[in-house]
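The block underneath contains the structure these notes are about, expressed in structure tokens.
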Amino acid sequence: MIDSPQTGRGFGEDISRILVSAGEIEARVLDIARQLTDEYGQRELTIVPVLTGSLIFLADLVRQLPIKMRIDVMSVTSYPGKSTRSQGPVISFVPSVDFSGRDVLILDDILDSGQTLKAIIDYVAGQSPASIRSCVLLEKARPDVPDRLRADYVGFSLPDEFVVGYGLDYNHLYRNLPDICVLDDSVYKEQ
């Protein structure tokens, strides 16, 4: 196992520092799985992961859930290309499952402005589910967005910095890093 992005990954100078280690992520994912198991018990759950950033989180989380579940993906773009701030959500792929009467859990990698999560909740709510809950791995501190929607389950609260790793990317790179890392601003300010 590689302990940090600096060892053997070719990303060394691109990474400013590690904010959340792979070990911390693993422990928190287990904790979230326990919370979800306690809430849903024997009820079937429909999980809607937001592509592509939540895929690693999804894979780790669902393997810890001893409950019946359906998984159907949704694609919403908020950070096109080299953007480091949310540009507003654009839904580009919707799930094929009917949410009517189902318990739905929306799973995303990061809650920044809250616009993406709100757009997804509005979409799902339009199909009259039994319940809608949201789970994000990361929630950014954003005092500039005081009325931001909050997630029901949050892995980690982070400062307002641009992070990559564990599924999160910049310009389609860095998703494979095992830790949540701060991307050195020289990487995206040069662009």
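None of the figures in this text is laboratory data; all of them are computed from the coordinates on show. This one's a predicted model, so the numbers in the text were calculated from it and none came from an experiment. Cβ atoms come from the backbone with ideal geometry, glycine included; neighbour counts cover every protein chain shown.
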Quiz item: Among Lys189, Lys118, which comes first, second and so on when ranked by fewest other beta-carbon atoms within 10 Å?
Solution: Lys189, Lys118
Quiz item: Nearest 10 degrees, 0 to 90: what angle lies between the long axis of helix 22-40 and the longest principal axis of the chain (Cα atoms)?
Solution: 10 degrees
Quiz item: Is it possible to state the helix-based mean residue ellipticity at 222 nm for the chain, with each DSSP H run of 4+ residues giving -39500 (n - 2.57), the sum divided by total residues, to the nearest 500 deg cm²/dmol? What is it?
Solution: -7000 deg cm²/dmol
Self-check item: Rh (Kirkwood; distinct C-alpha pairs) - region 98-167, Å
Solution: 12.8 Å
Practice problem: Under 19 Å Cα to Cα from Lys189, which aspartates and glutamates show up? Leave out anything in the same chain fewer than 8 places away. | Solution: Glu13, Asp14, Asp160, Glu161, Asp169
Exercise. Work out the length of the dipole vector of region 47-191 about its Cα centre, built from +1 on the beta-carbon of each Lys and Arg and -1 on the beta-carbon of each Asp and Glu, and round it to the nearest 20 debye.
Key: 380 debye
Quiz item: Can you tell me the Rg and Dmax of the chain, counting just the alpha carbons, in angstroms?
Solution: 16.5, 51
Quiz item: Arranged by the count of other C-beta atoms within 10 angstrom, fewest first, what order do Ile132, Ile71 take?
Solution: Ile71, Ile132
Exercise. Treat the count of other C-beta atoms within 10 Å as a stand-in for reagent exposure and order Thr116, Thr37 from fewest to most.
Key: Thr37, Thr116
Self-check item: Whole-number D in µm² s⁻¹ for region 64-143, Kirkwood Cα-pair radius fed into Stokes-Einstein, 37 °C, 0.692 mPa s
Solution: 240 µm²/s
